[in-house]
Amino acid sequence: MGRFQDILLEGLAQDGGLAMPASLPQIGREELLQFSVLAYPELATEIISRFADDINPAVIQRLCLQAYTKQKFGSAQIAPLASLGQEQGAPLAILELSNGPTLAFKDMAMQMLGQLFEYVLTRRGETLNILGATSGDTGSAAEYAMRDKHAVSVFMLSPQGRMSAFQRAQMYSLQEPNIHNLAVEGVFDDCQDMVKAVSADLEFKAKWRIGTVNSINWARIMSQVVYYFKGYLSAVKAYGLHIGDPVSFSVPSGNFGNVFSGFIAKSMGLPIRRLIVATNENDVLDEFFRTGVYRVRSSKETYQTSSPSMDISKASNFERFIFAMTGHDGAGTAALWRELSQSGQFDLKASQPQAWERVKASQMVSGKSTHQSRLQTIRDLASRYQRLIDPHTADGVFVGRQYLEPGVPMICLETALPTKFEETIREALGQPAPRPPGLQQLESLPQRVAQISQDVEALKRFIEQHALR
């Protein structure tokens, strides 16, 4: 792997694969004790400086303090833990990750990426054209983090008609000249495939300085690792535990980046008991963790659901997880992905039994939620705990409850604020979620978006016409 700053700007590794550190920093019990008294920016500094070892730690501290402010996240308590109650002898809680500028957990990493990009590009006297795909929240989080960054432009692909009205308005209403929204006829996976195709054209990528902010960018994963440490330390404090006692996390999962960040945290030594992969009706990941078969779906087989940010049938970050499970066998992982591209699936349990044993030992488990279980969970938390949650977080709570263990806190990661999914909240509760101040008229703002077909050459032409030079 190259230096961190190069990986940050490149997005993908030099060979077109996903970048991974050669080794992971280990955090022991003594360090966890020291971390337990830190505010979020300081905790982020400790974790990120262990990965970004080619940037001065004092600089990282300054960038973290600029990324994680009370102004951006609504309070000095970045990512607070909200206790719900005891269920089956286990504390149930929600880790609030959606208090940032775009009301979604993606802000947690994207605000940091904005700071890192600006710092590295300014020092190098370079510009960067970010190319990304979104199923709803990555796009707006990236655009809001980069809109005031002079050395960066953003080209964001989104599936036409498959996001909520609020999500579309949040992105398409931005008028900054460095922000370009492209609506693609298709599903998220088609958008992602186009991004990967452009990134794989190394000559074009180099000429136009193409970078990524999707969770294929290692810096996104690294930044998300921080809130697992924050969630764990908050649970230890809230429930009178000792450092070293286990905690489980339930994570709504589509592209596998969020839960993979938890896997990295656990691999670094964070005492995570279980990582629960919560899927919606697009249950590719659930099928894998139950059977060992990873079978991607076509666009036609990808359901349009009421938790649309998880309407994904090819999980980009899954490749990193399999690489870890094969014992960091790059050639073996590449062979599995060749098989995947040829036959649409691979069977890890049958072809690599040792790797499948590692999957089982990882304590990563899964479950699937449906529209009805989503609605029921939203209703249940509203009546039982007076807590309003969005449909994706509801998937996480629904599946997390299937894995409760006495005495082990279950932390469900919040995906977004419920106001982003008005139709589903209205269906569940008979009324919409309250809107934060200043967002009442969001959908009525003028929108700026270009339509594009699934044509990689057309996408390249658009980038050539609008890219920073």
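When Lys and Arg each count +1 and Asp and Glu each count -1, what net charge do the other residues less than 10 Å away from Gly136, Cβ to Cβ, add up to?
+2
Under 27 Å between alpha carbons, and skipping anything fewer than 8 positions from Lys207 in its own chain: which lysines qualify?
Lys149, Lys196, Lys460
Based on the alpha carbons, how large is the Rg to Rh ratio for the chain when Rh follows Kirkwood?
When Rh is taken as the Kirkwood radius, the ratio is 0.93.
How do 438-447, 271-280 rank on mean C-beta neighbours within 10 Å, highest first?
On the way: 438-447: 11.4, 271-280: 24.5.
Result, highest mean first: 271-280, 438-447.
Amide H of Asn214 versus every other amide H placed in the peptide plane: which residues, excluding those fewer than 5 positions away on the same chain, fall under 5 Å?
Ala133
What shape does the stretch 154-291 take by its C-alpha gyration tensor, where a ≥ b ≥ c are the square roots of the eigenvalues and a/c under 1.5 counts as rounded, a/b above b/c as prolate, and the rest as oblate?
On the way: a/c = 1.99, a/b = 1.87, b/c = 1.06.
It is prolate, given that a/c is not under 1.5 and a/b is the larger ratio.
Could you list which residues have their amide H under 5 Å from that of Ile130, counting only those 5 or more apart in sequence or on another chain, with H placed in the peptide plane?
Ser153, Val154, Phe155, Gly211
Please list, in order along the stretch 449-456, the HN-Hα scalar couplings obtained from phi with the Karplus expression 6.51 cos²θ - 1.76 cosθ + 1.60 (θ = phi - 60°), rounded to whole Hz, x for Gly and Pro.
Working through the residues one at a time gives 8, 9, 8, 8, 8, 6, 10, 5 Hz.
Farthest toward the dipole's positive end in the chain, which of Gly125, Pro437, Ala334, given Cβ charges of +1 (Lys, Arg) and -1 (Asp, Glu) about the Cα centre?
Pro437
Taking the stretch 315-404, which trypsin sites (Lys or Arg not before Pro) meet the DSSP loop condition and have no more than 11 other C-beta atoms within 10 Å?
Counting only loop positions with at most 11 other Cβ atoms within 10 Å, none of the trypsin sites (Lys or Arg not before Pro) in the stretch 315-404 qualifies.
Work out how far the C-alpha atoms of the stretch 368-435 reach from end to end along every principal axis, then list the three figures in whole Å, largest first.
The principal-axis extents, from largest down, are 35, 21, 20 Å.
With just the Cα atoms defining each centre, how far is the stretch 163-206 from the stretch 335-385? Give it in Å.
Distance between centres, Cα-based: 26 Å.
Among Leu84, Leu285, rank each residue by its count of other Cβ atoms within 10 Å, from fewest to most, as a rough exposure measure.
With the sparsest Cβ surroundings first, the list reads Leu84, Leu285.
Take every DSSP beta bridge whose two residues both sit in the chain, then give the antiparallel share in percent to the nearest 5.
Roughly 25 percent of the DSSP beta bridges within the chain come out antiparallel.
Based on the alpha-carbon gyration tensor of the stretch 252-381 and its eigenvalue square roots a ≥ b ≥ c, which shape applies: rounded if a/c is under 1.5, prolate if not and a/b is larger than b/c, or oblate? Before the final figure, lay out each step's value.
On the way: a/c = 2.15, a/b = 1.29, b/c = 1.67.
Cα axes put the stretch 252-381 in the oblate bin.
How big is Rg to Rh over the stretch 341-469, alpha-carbon atoms, Rh as the Kirkwood inverse-mean-distance radius?
Here Rg/Rh amounts to 1.12.
I'd like the distance separating the alpha-carbon centroids of the stretch 258-308 and the stretch 67-96, in whole Å.
23 Å
For the stretch 153-159, just list the computed ³J(HN,Hα) in residue order, Karplus coefficients 6.51, -1.76 and 1.60, θ = phi - 60°, integers in Hz, with x standing in for Gly and Pro.
10, 10, 10, 10, 8, 9, x
Since every read-out is calculated from the coordinates, none of them should be taken as a lab result. All figures in this text were calculated on a predicted structure; none of them were measured in a lab. Here the Cβ is made from the backbone with ideal geometry for all residues, glycine too, and neighbour counts use every protein chain on show.
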